[in-house]
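The values are calculated or read from the model by the stated rules, or taken from the named source; none is laboratory data. Note that the structure is predicted; figures quoted are calculated from it, not measured. Here the Cβ positions follow ideal geometry from the backbone for every residue, glycine too, while neighbour counts run over all protein chains shown. To get the accessible areas, we keep the full protein, side chains included, count just its heavy atoms, and leave off ligands, DNA and RNA. Shrake-Rupley method; radii C 1.70, N 1.55, O 1.52, S 1.80 Å.
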Amino acid sequence: MARQQLTVVNHPLVQHKLTLMRMEETPSAEFRRLLRELSMLLAYEVTRDLPLRMVDIKTPVTATKSPVIDGKKITLVSILRAGNGILDGMLELIPSARVGHIGIYRDPATLTPVEYYFKMPPDIAQRDVIVVDPMLATGNSAAAAIARIKGLKPTSIKFVCLIASPEGVDLLREEHPDVPIFTASVDEKLNDHGYIVPGLGDAGDRIYGTK
Ligand code: URA
């Protein structure tokens, strides 16, 4: 099986914005703004290998051939609810993308994933899918979401997060070695409550101010 690619996007702008997001005093409005900006930068990286085709155009000066993105539209899949924070930024850069949502929560006692919502565009087969969730913690939710999406037979799946734990990366590597991971950081570890250390806390709470 193909060895999984792990891309840590270490561009200075990405790292600077991530540091601001980690700080506990960063308010929700600022956190959301930074997440939107960071998501656009991650979208830039994750779409780097999109195929291009040449089209004939006319500039005000002359006729020429110029590249446009080829193939079917991308489908972005947000793992609710925190995934929606990344989705907003990515949609600004890829406005024609289709969007799916999958609702999975972690059972607080077992940390295992429970699905409560699944809505995908009807034509997801033969499309490239990008699954988004800010925090790859245990990896259980991401692995379960990817398994569900694989059932719909998309052409390819990539996974994008802001912060990954080594445990989450290992789990995805084990269960979905064919799915490349893009992240701004692989942090130190998970704590006993399944939070990433140092991390940034609960991404959903920080996006929506629910704590
Ligand atoms: N989910 C979060 O939002 N934060 C973590 O640190 C782990 C899971």
Check: Can you give the calculated 222 nm mean residue ellipticity of the chain, where each DSSP H run of n ≥ 4 adds -39,500 (n - 2.57) and the sum is split over every residue, rounded to the nearest 500 deg cm²/dmol?
Finding: -10000 deg cm²/dmol
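Please compute the alpha carbon radius of gyration of the range 97-211, then divide it by the globular-protein estimate 2.2 N^0.38 Å. Two decimals is fine. Each step should come with its number before you reach the end.
Values: Rg = 14.0 Å, N = 115, 2.2 N^0.38 = 13.4 Å.
The value comes to 1.05.
What length, rounded to one decimal in nm, is gained on full extension from Ser156 through to Val99, with 0.36 nm per residue of separation minus their alpha-carbon distance? The partial results should precede the final answer.
Values: separation 57, 0.36 × 57 = 20.52 nm, distance 1.52 nm.
So the chain would gain 19.0 nm between Ser156 and Val99.
Over the chain, what is the percentage of antiparallel beta bridges among all DSSP beta bridges, to the nearest 5? Display every interim value, and only then the final one.
Details: 15 of 39 bridges.
Roughly 40 percent of the beta bridges in the chain run antiparallel, per DSSP.
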Notebook entry, point to check: In square angstrom, what is the accessible area per residue of the chain with a 1.4 angstrom probe?
Noted result: 52
Next item on the list: Please give the helix 166-175 orientation as an angle from the longest Cα principal axis of the chain, in degrees from 0 to 90, rounded to the nearest 10.
Entry: 60
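Using a 1.4 Å probe and counting only protein heavy atoms, arrange Met135, Met90, Met54 so the residue with the most accessible area comes first. Can you show the working numbers first?
Details: Met135 35, Met90 0, Met54 115 Å².
Greatest to least solvent exposure: Met54, Met135, Met90.
Rounded to the nearest angstrom and ordered from largest down, what semi-axes does the equivalent ellipsoid of the chain get from its C-alpha gyration tensor (root of 5λ)?
Details: eigenvalues 175, 87, 50 Å².
Over the Cα atoms of the chain, the semi-axes work out to 30, 21, 16 Å.
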Item checked: Label point 7 Å beyond Cα of Asp107 along Cβ direction - residues of the range 127-165 with amide nitrogen under 20 Å -> 137-148
Check: So what does the Cα-only Debye profile of the range 40-97 read at q = 0.22 Å⁻¹, as log10 I(q)/I(0), no solvent term?
Finding: -0.91
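Provide the three semi-axes, in whole Å and in decreasing order, of the ellipsoid equivalent to the range 127-170 as defined by the square roots of 5 times the Cα gyration tensor eigenvalues. Can you show the working numbers first?
On the way: eigenvalues 75, 23, 10 Å².
Rounded to whole Å, the semi-axes are 19, 11, 7.
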Checklist line | Hydrodynamic radius of the range 92-143 per Kirkwood, over alpha carbon pairs, in Å | finding: 12.8
Next item on the list: May I ask for the Rg/Rh ratio of the range 13-117, computed from Cα atoms with Rh as the Kirkwood radius, given to two decimals?
Entry: 1.12
Next item on the list: Please identify, among Phe182, Phe159, Phe118, the residue showing maximal mean-square fluctuation in a Gaussian network model of the chain using a 10 angstrom Cα cutoff.
Entry: Phe118
Next item on the list: Multiply the residue gap between His16 and Thr210 by 0.36 nm, knock off their C-alpha separation, and tell me the result in nm, one decimal place.
Entry: 67.4 nm
Notebook entry, point to check: What is the helix-to-structure angle for 83-93, meaning the angle in degrees between its Cα long axis and the longest Cα principal axis of the chain, kept from 0 to 90 and rounded to the nearest 10?
Noted result: 20
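Counting only C-alpha contacts under 8 Å and six or more residues apart, can you give the relative contact order of the chain as a whole percent? Display every interim value, and only then the final one.
Values: 410 pairs, mean separation 50.5, N = 211.
About 24 percent, as a whole number.
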